[in-house]
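Engineer: Pasting in a structure now, in structure tokens, and then I'll have a few things to ask.
The values are calculated or read from the model by the stated rules, or taken from the named source; none is laboratory data. All of these numbers come straight from a predicted model, not from anything done at the bench. Cβ placement follows ideal geometry from the backbone for every residue including glycine, while neighbour counts extend to all protein chains displayed.
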Amino acid sequence: MTTAETEPATVAKVVAYVMHEGRLLVFTHDDFPQAELGVQVPAGTIEPGEAPAEAAVREVAEETGLRARVVRPLGSGLYDFRPTKPEIHERHFFHLEPEDRSLPERWSAGEPHPRGGGTSPAWTCFWIPLERAHVLSAGFGARLGGLCEPAGGGRA
């Protein structure tokens, strides 16, 4: 085996926790069983030259159609994406809030330009109580506890 086959690439990613009235924005894929892809939050790859906070705002807009602003960063962590892909995701987590205060309970969205091409996946976005957010798949819930800490503060 070559080094490329045994050593996964590290890819910079963002995970966006969009909060509104004590609820977290999540989505499920329309064309795949929930048991396969689970409940997710907006997330994606940081583009070259893009700051992580900018990537979080962009991903929310692209994946949900919502305009949001960063409230604060919630830290970062590594997530081993193998065996799905030979990648280690360096995830930067952010707390965001929507700019619009009048929001639907549920709506359809999707990825207009999926990485690697192919058909555009579709999903349904909706809000869940933060207390139920540990249903998130693929390690997306790793920094939910940071949403419970006061902004600008943290644990002593």
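Engineer: Under the condition of being under 14 Å from the mean Cα position of the chain (by Cα) and assigned to a helix (DSSP H, G or I), which residue from the stretch 125-146 is nearest to A16 (Cα to Cα)?
Structural biologist: The residue in question is L144.
Engineer: Also, I was wondering about something else. Restricting to the stretch 5-20, name every residue that is touching an Asp or Glu at 6+ places or on another chain (Cβ under 8 Å), assigned to a strand (DSSP E or B) and within 17 Å of T84 (Cβ to Cβ).
Structural biologist: Scanning the stretch 5-20 gives A9, T10, V11, K13.
Engineer: Something else: Quick one: in the stretch 45-64, which of the residues that are within 18 Å of V26 (Cβ to Cβ) and either modelled with pLDDT under 95 or in contact with a Pro (Cβ under 7 Å, 6 or more places away or on another chain) (or both) is surrounded by the most Cβ atoms within 10 Å (Cβ to Cβ)?
Structural biologist: Once the filter is applied, the top-ranked residue is V60.
Listed here are the residues, each with its yes/no results for (1) among the aromatic types (F, W, Y); (2) part of a strand (DSSP E or B); (3) closer than 26 Å to P150 by Cβ.
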position	(1), (2), (3)
A55	no, no, yes
E63	no, no, no
V70	no, yes, yes
L74	no, yes, yes
G77	no, yes, yes
R82	no, no, no
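Engineer: Continuing with the same structure: Hey, can you tell me all the residues within the stretch 73-96 that are of a type in the set (D, E, K, R) and surrounded by 17 or more Cβ atoms within 10 Å (Cβ to Cβ)?
Structural biologist: Hit for the stretch 73-96 is R91, nothing else.
Engineer: Identify, from the list F81, F93, the residue that is modelled with pLDDT under 95 and among the aromatic types (F, W, Y).
Structural biologist: F81 is the lone residue from the list that is modelled with pLDDT under 95 and among the aromatic types (F, W, Y).
Engineer: Could you list all residues from the stretch 10-44 that are surrounded by 18 or more Cβ atoms within 10 Å (Cβ to Cβ) and aromatic (F, W, Y)?
Structural biologist: Y17, F27
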